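Everything on this sheet refers to the single structure shown next.
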Amino acid sequence: MDKLIVDDRGKATISNDGATILKLLDVVHPAAKTLVDIAKSQDAEVGDGTTSVTLLAAEFMKQVKPYVEEGLHPQVIIRAFRTATQLAVSKIKDLAVTVKKEDKEEQRRLLEKCAATALSSKLIAMQKDFFAKMVVDAVTLLDDLLQLKMIGIKKVQGGALEDSRLVAGVAFKKTFSYAGFEMQPKKYESPRIALLNVELELKAEKDNAEVRVNNVEEYQAIVDAEWNILYDKLEKICKSGAKVVLSKLPIGDVATQYFADRDLFCAGRVPEEDLRRTMMACGGSIQTSVNALNDDVLGLCSLFEEVQVGGERYNVFTGCPKAKTCTIILRGGAEQFMEETERSLHDAIMIVRRAIKNDSVVAGGGAIEMELSKYLRDYSRTIPGKQQLLIGAYAKALEIIPRQLCDNAGFDATNILNKLRAKHAQVSAGSICPSL
């Protein structure tokens, strides 16, 4: 279920992402802070399952609380839980389904199921099939390193969710531009790309200095020198062979018109994240000077074009040779809705990456937790003493996942869990139960 959270400054956030909710809460209690840290670690490492780990951690503490109150030493509890964890991990490996990379169709089908499962509880659950395919396409476009930063997510308000698109390259919103920009070409094939951290504005040459002049000619020489410095920079950029000029700093009206007259495209004030992603995708390097612009520091792509997306203009680079990258352009209504959609896609992307890296998945919907609970209960009956009770408590705690799913769906959790226990006892692991 989605939660509406308003912070001290009045900013409203709508989300059902566990990590997002916990980060926004003003937590004071040390044990509660531990749960928040667990959720943050899960979000950073896996990307999803933050609610599950929080529920499990809280239920583990709830189950052992009576034993602590009765005076049982914490070290005894820790040893029992470590034993149970080792057994559970070993059992999970036995139950896991391998993601076969050799069979591309089978791998894609399984990855789409993983993405759809991650999106099932999100705000965009109705469009999970549409976005699951998009997420799998995005991850498969990456190289073997599967770097998350090579997937950009941009939000454009307006239109329907189904109007969202995947760009196999780099795309970012058109930056502020001066007069003369409309005269620049908006499409190039195989252009050289200059990536700069240089301010190409006349005012940039001014400094807080005092100059004493004796006549008008000396003043004019100073003004001409300022213009010559700027024109010298622009001439060097043009001679380098670059057709697209991107800079983190402003590109003024004089430079914009200069480039337009020579059929060059320019964009200033490009966000650093987008500039670096362009560098990693198209090659080259970000230069702080225009004195050494050559083929070694210039980027290259197959196609550059400026396209209309809703009410915005976007600069799109495709066919990037240096690294595989992509950009997801999201469409939608309210800002909070689009932010939650972005968080949902992030979780799905992380899950698909994880499935590819680990080569294995397990059943969801509380199925794996119920099977582990049964396995640990059976094991606990074979050992004597306190360990039996503690491992039994661990097994019971695992049932919080299916129990919470039943409560969220409006079912009788006690009745459903009793039926699930009976089914897991009757059939072997891996079997499919058509109904309860």
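Derivation of every value follows stated rules applied to the coordinates shown; laboratory data play no part. What you see is a predicted model, and the numbers here were worked out from it, not measured in a lab. Reconstructed Cβ throughout: ideal geometry from the backbone, glycine too, with neighbour counts over all protein chains shown.
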- Message: At R0 = 56 Å, how high is the FRET efficiency between Lys62 and Gln336 if r is their beta carbon distance? Nearest 0.05 is fine.
- Response: 0.95
- Message: For a quick check: with amide H placed at 1.01 Å from N, whose amide H comes under 5 Å from Val309's, ignoring anything fewer than 5 positions away on the same chain?
- Response: Tyr314
- Once every DSSP H run of n ≥ 4 in the chain is given -39500 (n - 2.57) and the sum is divided by its residues, what mean residue ellipticity at 222 nm do you get, rounded to the nearest 500 deg cm²/dmol? -16000 deg cm²/dmol
- Quick one: length gained pulling Asp412 to Glu182 fully straight, 0.36 nm per residue minus the C-alpha distance? 76.4 nm
- Task: Go through 183-196, 4-17 and give me the packing order, highest mean Cβ count within 10 Å leading.
- Result: 183-196, 4-17
- Query: Going by alpha carbons, how many degrees (0 to 90, nearest 10) lie between the helix axis of 104-119 and the longest principal axis of the chain?
  - Reply: 80 degrees
- Message: Loop-only GluC sites (Glu not before Pro) in the stretch 191-279, please: DSSP not H, G, I, E or B, and at most 14 other Cβ atoms within 10 Å.
- Response: Glu210
- the chain: antiparallel DSSP beta bridges as a percent of all, rounded to 5: 65 percent
- Highest to lowest packing among 364-372, 347-355, scored as the average C-beta count within 10 Å: 347-355, 364-372
- Query: Once the piece of chain linking Lys3 and Arg381 is laid out straight, how much longer is it, given 0.36 nm per residue of separation minus the C-alpha distance between them?
  - Reply: 131.9 nm
- Query: Using a basic spin-label model with each label point 7 Å from the Cα along Cα→Cβ, how many nm lie between Ala31 and Glu235?
  - Reply: 7.5 nm
- Query: Taking the Cα centre of the chain as origin and charging only Cβ (+1 Lys, Arg; -1 Asp, Glu), how large is the dipole, in debye to the nearest 20?
  - Reply: 2060 debye
- Which of His424, His29 comes first, and how do the rest follow, when ranked by fewest Cβ neighbours within 10 Å? His29, His424
- Value of relative contact order over the chain, rounded to a whole percent, pairs C-alpha under 8 Å and six or more apart: 24 percent
- Note on the structure: Any residue on another chain or 5+ positions along whose placed amide H is under 5 Å from the amide H of Lys3 is listed here as Ser15, Asn16
- Per 10 angstrom bin, beginning at 0 and ending with the bin that holds the maximum distance, the Cα pairs of the stretch 159-306 fall in percents of 11, 38, 29, 14, 6, 2, 0
- Nearest 10, in degrees from 0 to 90: the angle of helix 400-409 to the longest Cα principal axis of the chain is 70 degrees
- Low-density loop cleavage sites - chymotrypsin sites (Phe, Trp or Tyr not before Pro) in the stretch 348-410, where at most 14 other Cβ are within 10 Å (DSSP): none
- Query: How about the stretch 93-125: which trypsin sites (Lys or Arg not before Pro) there are in a DSSP loop, with at most 10 other Cβ atoms within 10 Å of their Cβ?
  - Reply: Lys101
- Item | Label-point separation, Val427 to Glu106 (7 Å along Cα→Cβ), nm | 2.1 nm
- Tell me, what ³J(HN,Hα) does each residue in the stretch 125-135 have, in order and in whole Hz, if you take phi through Karplus 6.51 cos²θ - 1.76 cosθ + 1.60 with θ = phi - 60° and put x for Gly and Pro? 4, 5, 10, 5, 5, 4, 6, 4, 5, 5, 5
